[in-house]
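The values are calculated or read from the model by the stated rules, or taken from the named source; none is laboratory data. All figures in this text were calculated on a predicted structure; none of them were measured in a lab.
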Amino acid sequence: MNDHDTLDQDAQLSQLAPTQFDNDVAEEPEAAADVQPTANDLHAVFDVPVRVQAVLGRARMNIGTLLRLKTGDVVELDRRVGEPADIFVNNRLIARGEVVLIDGTLGVTLTEIIHQDRS
């Protein structure tokens with residue numbers, strides 16, 4: 001077989017290919033969209049460390065006030081008693097929750113999951 005024969009075969013295949021491949025391509029995205037991820041799909045990232053913060057509130061003050069703080073001083077936060085705490089994962093707000101006390105340890109019960117657009 002010489003180069004001329006190979007080119008003729010390629011030309012013949014290219015004439016057949018569009019209808020075959022167009023049908024295949026149209027079916028693949030639908031099949032991929034039907035597949036739902038499971039916990040097993042995420043197994044590879046289970047051991048990746050993340051930073052989780054429960055923010056009860058915030059306060060602003062100047063450095064002079066901060067340096068004068070001592071044991072027993074009260075720092076007033078921007079939240080009221082009973083308002084939910086913000087839960088951040090890697091500095092991204094993901095949920096809100098209520099502060100709870102369990103066997104002498106503080107925790108947070110999640111009451112709302114925050115859904116953010118991924119645009």
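See the values below:
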| item | result |
| --- | --- |
| Odd one out for Leu77 among (1) under 22 Å from Val52 (Cα atoms); (2) of a type in the set (A, V, I, L, M, F, W, C); (3) not in a loop (DSSP other than H, G, I, E, B) | (3) |
| Condition broken by Asn91, with the remaining ones in (1) over 23 Å from Asp117 (Cα atoms); (2) at pLDDT below 95 satisfied | (1) |
| Test: residue in region 84-105 that is over 27 Å from the mean Cα position of the chain (by Cα), of a type in the set (Gly, Ala, Ser) and outside any loop (DSSP other than H, G, I, E, B) | no |
